[in-house]
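Structure, as structure tokens:
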Amino acid sequence: MRIYLTQHGLALPKDVDPDRPLSSQGRDALRRLADFLGNADIQVGQVLHSGKPRAAQTAAILAEALLTDGQPRTHADLGPNDPVETLSAAIMTWSVDTLIVGHLPYLGRLASSLLVDDPDRPLLAFQPGTMACLEQDAQRRWA
């Protein structure tokens, strides 16, 4: 199983729009990422996002190319500062490849929780519109 952790795309500054939707540059970069992943035949069974506009828009763009069925869904506990333990435990019960669109510092903490069981140990650095793929092996370890 694979988990694709994605930081939302580049958003408008808060002083331009307090809801911080994606900027045109962010949307364009995500469309290029979606094209690249689609051409690589990457597919996922579910797409989850935090519900914030920039995450929902990112999820929608990527889902067009990657989601095999259904629509992206808002998932609780994906806020920037939410604890990662609940989702880490839930992921261990999943059997479908999943795209998770979220925020910092949450995504980095989630990755560290899965990889080394320590959300406070920084391992990955995300930038807007970037993605990391974690793969679970037969012994249920992540790499």
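The values are calculated or read from the model by the stated rules, or taken from the named source; none is laboratory data. Bear in mind the structure is a predicted one, so any value in this text is a computation, not a measurement. Here the Cβ positions follow ideal geometry from the backbone for every residue, glycine too, while neighbour counts run over all protein chains shown. To get the accessible areas, we keep the full protein, side chains included, count just its heavy atoms, and leave off ligands, DNA and RNA. Shrake-Rupley method; radii C 1.70, N 1.55, O 1.52, S 1.80 Å.
Does ARG140 fit the bill of being at negative phi and either open to solvent by 60 Å² or more (accessible area, probe 1.4 Å) or part of a helix (DSSP H, G or I) (or both)? Here the answer is no, as ARG140 does not meet what is asked. Scanning the range 93-105 for residues that are touching a residue at least 12 places away in the same chain (Cβ under 8 Å) and open to solvent by 70 Å² or more (accessible area, probe 1.4 Å) yields SER95, LEU104. Within the range 1-22, the residues that satisfy the criterion of being in contact with a strand residue (DSSP E or B) (Cβ under 6 Å, 6 or more places away or on another chain) and more than 8 Å from ARG54 (Cβ to Cβ) are MET1, ARG2, ILE3, TYR4, LEU5, THR6. For VAL44, indicate whether it is hydrophobic (A, V, I, L, M, F, W, C) and under 22 Å from PRO105 (Cα atoms). No. Each residue in the range 43-74 was checked for being open to solvent by less than 80 Å² (accessible area, probe 1.4 Å), more than 20 Å from PHE126 (Cα to Cα) and not in a helix (DSSP H, G or I), and 6 pass.
Residues in the range 78-92 that are open to solvent by 60 Å² or more (accessible area, probe 1.4 Å) and either touching a Leu at 6+ places or on another chain (Cβ under 6 Å) or not in a helix (DSSP H, G or I) (or both): ASN81, PRO83, MET92. Taking each residue of the range 9-31 that is in contact (Cβ under 8 Å) with a residue 60 or more places away in the chain and looking for partners that are charged (D, E, K, R) and part of a helix (DSSP H, G or I) with beta-carbon atoms closer than 8 Å, six or more apart or interchain, yields GLY9/ARG27; GLY9/ARG54; ALA11/ARG54; GLY26/ARG54. Filtering LEU114, LEU124 for residues that are open to solvent by 30 Å² or more (accessible area, probe 1.4 Å) and in contact with a strand residue (DSSP E or B) (Cβ under 6 Å, 6 or more places away or on another chain) leaves a single hit, LEU124. Counting only residues that are part of a helix (DSSP H, G or I) and farther than 22 Å from ARG54 by Cα, the range 93-124 holds 5 of them.
Of the residues making up the range 20-31, those that are over 16 Å from the mean Cα position of the chain (by Cα) and open to solvent by 100 Å² or more (accessible area, probe 1.4 Å) number 1.
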